[in-house]
There are 2 protein chains.
Amino acid sequence: MSTGEFELIAKFIERLPAPGPEVLVASGDDAAVADHDGPVVVSVDAAVEGVHFERPAFSAEAIGRKALASAVSDLAAMAATPRHGYVVVGVPPGEPDSNLLALADGIGSVATTEQMAIIGGDLVGSPVLMISVTAIGAEADGTPLVTRAGAQPGDAVVVTGEIGGAAAGLRLLGAETRADPDGPLIARQLSPTPRVVAGQALARAGATAMIDLSDGLVADASHLARASGVRIEMEVESVPFQPGAVETLSSDPREGRISAASGGEDYELLACLPEDRISAVRTEIEGECELTRIGSVLEGDGAVLLDDSGGSLPVDGFDHLADR
Amino acid sequence: MSTGEFELIAKFIERLPAPGPEVLVASGDDAAVADHDGPVVVSVDAAVEGVHFERPAFSAEAIGRKALASAVSDLAAMAATPRHGYVVVGVPPGEPDSNLLALADGIGSVATTEQMAIIGGDLVGSPVLMISVTAIGAEADGTPLVTRAGAQPGDAVVVTGEIGGAAAGLRLLGAETRADPDGPLIARQLSPTPRVVAGQALARAGATAMIDLSDGLVADASHLARASGVRIEMEVESVPFQPGAVETLSSDPREGRISAASGGEDYELLACLPEDRISAVRTEIEGECELTRIGSVLEGDGAVLLDDSGGSLPVDGFDHLADR
């Protein structure tokens, strides 16, 4: 057996935060074993070169960072606390080890922020760079888990942070010249921030349903509306678009807003909750992110984004298999 | 948003066994939630077209079956009980839906046998068919988890079942003409049986270390020896090669045995335990599989396979990234 693979795996693991005492068996055995209280909350997510990212626009570090962040974002949308992660990396022929270690650094930076141990995984051959992440979380103390399915007519609809930046950043990454390669729009695309703290604050305040914004504002609102059996109406005037996002996406303001509301990957949270609980959440997450009321839950079905004349904007979601 | 992806996912999920009451949130939310007692045991495994399997030699159903079975085998090697699985499938352009549903059937057949719910996953675009499986297990009642790291000098070394069939089956799958397309060697390659029952019986009988045979007999014995800080000596005369495997791999018996002991993917278990416990395990797993003593644990390091003159056979393992 070549020692190359094992040495590379060892170097990969060195880049990740060391597991704490709750990890009973870490990387290197047949399976990992970790202490766990209460229900396990599990999300899986994969990113494939040429489908979810292109190089060199995406550095290996950004690929690792975003892959773990997007899986953690799913846990945040359940109001769970991230505990452990498992990473499978598909490695193309000739890929330099330095890229794999940079990818590990990206994973490690998010794992450190989220206080997660990465305790298992695999490196496998693959025609293109590919990463599949499993994130396991637990209930936080005194914090109920929140699904997509509990929204009630009369609830307010809120979002954390800002919308549209990831789509605008992707546009800038594909542009011939980049006015601002390290600007906030590109950063939003390459380094999303999972809203773990806000998700738990929303849950404790009585959020009835939550989802993270990965497919796009209206698409994800539709998922939530379907799961809850309700209708969601949002007003475009209220949506907190990230500064510069609308202008980057189109010179026409209406088109720009439609694109920003269609684009996914902002990894903010969309939540439903009784209106009188919003201020309590705002107080708890002050300094973390904004919380903006953008609409209401009604009886009915579907999700729409209304313009200021009350008409519905033609906003699409994102089909992961559209190019199949 | 196209409804195609969601309909396909719905059909995919329909093929899988329905989750039981311990599943609090199944597929379709941001993350899955399941009740869990005690430590979580997690294994991840991936298989990529052109690297781990070729089509049409591997049917979509076989790909699904083997992917879940190999992840479950890692749980078996810890003596854990499989509980839940999560599946990411990378779908190439133009892949017929019928293939994805056949893949789901393969996953479903193993999940049904193992009484596992598949409660999360994703379908993503990919240049080739790819599958990544996360299997989550729990401690079985009265059964300690067993790592690779506890083997003691003086222990006997045993294997479950038969060795070399998967390598011989792979050879037959690549041959121009197949004498026996549905024979037991090809079946071993396409439909491995995770040794969950045997792993737990070994653990209850006092197994000090276990590993599943995915990389090859000597390679995996070396992993276990390294983790335990011991030397493992096995005698080739004692190894229970699957009937026909040695002859399929070479017309020269010595070469055939070397190939059979080098080939991986049999997904049998290699375990170390005090010799006087072997008969108790044999009684418990009667009708399930054989248990064969093939060697001993000594002080020292490394793992060797000895021929009948006491010389060490030149047996290699398998480097997953050798083609990188």
### Query
Out of curiosity, is B:Asp74 without any contact (Cβ under 8 Å) to a residue 24 or more places away in the chain and surrounded by 20 or more Cβ atoms within 10 Å (Cβ to Cβ)?
no
Per the filter on the stretch B:23-36, residues more than 9 Å from chain A (Cβ to nearest Cβ) and not in a strand (DSSP E or B) are B:Ala26
Scanning the stretch A:296-318 for residues that are crowded, with 18+ Cβ neighbours inside 10 Å, closer than 30 Å to A:Phe53 by Cβ and modelled with pLDDT of 85 or more, the one farthest from the other protein chains (Cβ to nearest Cβ) turns out to be A:Leu305
When restricted to B:Leu269, B:Leu321, B:Leu291, the only residue aliphatic (A, V, I, L, M) and at pLDDT below 95 is B:Leu321
With criteria (1) within 16 Å of the chain's Cα centre (by Cα); (2) hydrophobic (A, V, I, L, M, F, W, C); (3) within 9 Å of chain A (Cβ to nearest Cβ), B:Val51 comes up short on (1)
Residues of the stretch B:135-148 being of a type outside the set (A, V, I, L, M, F, W, C), more than 8 Å from chain A (Cβ to nearest Cβ) and assigned to a loop (DSSP other than H, G, I, E, B), in sequence order, are B:Asp141, B:Gly142, B:Thr143, B:Pro144
The residue that is nearest to the chain's Cα centre (by Cα), considering only those in the stretch A:138-169 that are of a type in the set (Asp, Glu) and surrounded by fewer than 24 Cβ atoms within 10 Å (Cβ to Cβ), is A:Glu162
Reported set for the stretch B:73-88 where residues are under 20 Å from B:Met130 (Cα atoms) and within 7 Å of chain A (Cβ to nearest Cβ) is B:Asp74, B:Tyr86, B:Val88
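Yes/no matrix, rows are residues, columns are (1) touching a residue at least 24 places away in the same chain (Cβ under 8 Å); (2) facing chain A (nearest Cβ under 10 Å); (3) aliphatic (A, V, I, L, M); (4) surrounded by 24 or more Cβ atoms within 10 Å (Cβ to Cβ):
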position	(1), (2), (3), (4)
B:Leu101	yes, no, yes, no
B:Asp105	yes, no, no, no
B:Ser109	yes, no, no, no
B:Met116	yes, no, yes, yes
B:Ile119	yes, yes, yes, yes
B:Val128	yes, yes, yes, no
B:Val133	yes, yes, yes, yes
In the set B:Val91, B:Val44, the lone residue that is within 11 Å of another protein chain (Cβ to nearest Cβ) and under 21 Å from B:Lys11 (Cα atoms) is B:Val91
For the stretch A:26-56, the count of residues that are farther than 30 Å from A:Ile211 by Cα and either in contact (Cβ under 8 Å) with a residue 60 or more places away in the chain or not assigned by TED's automatic domain parsing to the domain that holds A:Ala102 (or both) equals 3
Checked against (1) at pLDDT 95 or above; (2) out of contact with any helix residue (DSSP H, G or I) (no Cβ under 8 Å at 6 or more places or on another chain), B:Asp122 satisfies every condition except (1)
With the structure loaded, tell me whether B:Leu190 is of a type in the set (A, V, I, L, M, F, W, C), within 15 Å of the chain's Cα centre (by Cα) and modelled with pLDDT under 95 or whether it fails that test.
yes
Among helices (runs of 4 or more DSSP H) completely within the stretch A:236-285, the ones holding 2 or more residues that are buried (at least 18 other Cβ atoms within 10 Å of the Cβ) and without any contact (Cβ under 8 Å) to a residue 60 or more places away in the chain are A:253-262
B:Ala57 meets each of (1) in a loop (DSSP other than H, G, I, E, B); (2) more than 9 Å from every other protein chain (Cβ to nearest Cβ); (3) at pLDDT 95 or above with one exception, condition (3)
By residue number, the members of the stretch B:37-54 that are under 19 Å from B:Thr81 (Cβ atoms) and assigned to a strand (DSSP E or B) are B:Val40, B:Val41, B:Val42, B:Ser43, B:Val44, B:Asp45
Return a yes/no flag: does the stretch A:217-232 have any residue that is within 14 Å of chain B (Cβ to nearest Cβ) and part of a loop (DSSP other than H, G, I, E, B).
yes
Among the residues of the stretch A:181-214, the number that are more than 14 Å from chain B (Cβ to nearest Cβ) and among the β-branched types (Val, Ile, Thr) is 3
All-but-one check, B:Asp45 against (1) over 30 Å from B:Val281 (Cα atoms); (2) out of contact with any Gly (no Cβ under 8 Å at 6 or more places or on another chain); (3) surrounded by 23 or more Cβ atoms within 10 Å (Cβ to Cβ), failing number (1)
Counted residues in the stretch B:89-99 being farther than 24 Å from A:Leu129 by Cα and touching a residue at least 40 places away in the same chain (Cβ under 8 Å) come to 1
Every listed condition ((1) under 24 Å from A:Pro194 (Cα atoms); (2) basic (Lys, Arg); (3) at pLDDT below 90) holds for A:Lys11 save (1)
When the stretch A:2-21 is checked residue by residue, the ones that are surrounded by fewer than 16 Cβ atoms within 10 Å (Cβ to Cβ), in contact (Cβ under 8 Å) with a residue 40 or more places away in the chain and either part of a loop (DSSP other than H, G, I, E, B) or within 12 Å of chain B (Cβ to nearest Cβ) (or both) are A:Ala18, A:Gly20
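The values are calculated or read from the model by the stated rules, or taken from the named source; none is laboratory data. Note that the structure is a prediction, hence the values are computed from the model and not measured. Counting neighbours? That spans all protein chains shown, and the Cβs are built from the backbone with ideal geometry, glycine included.
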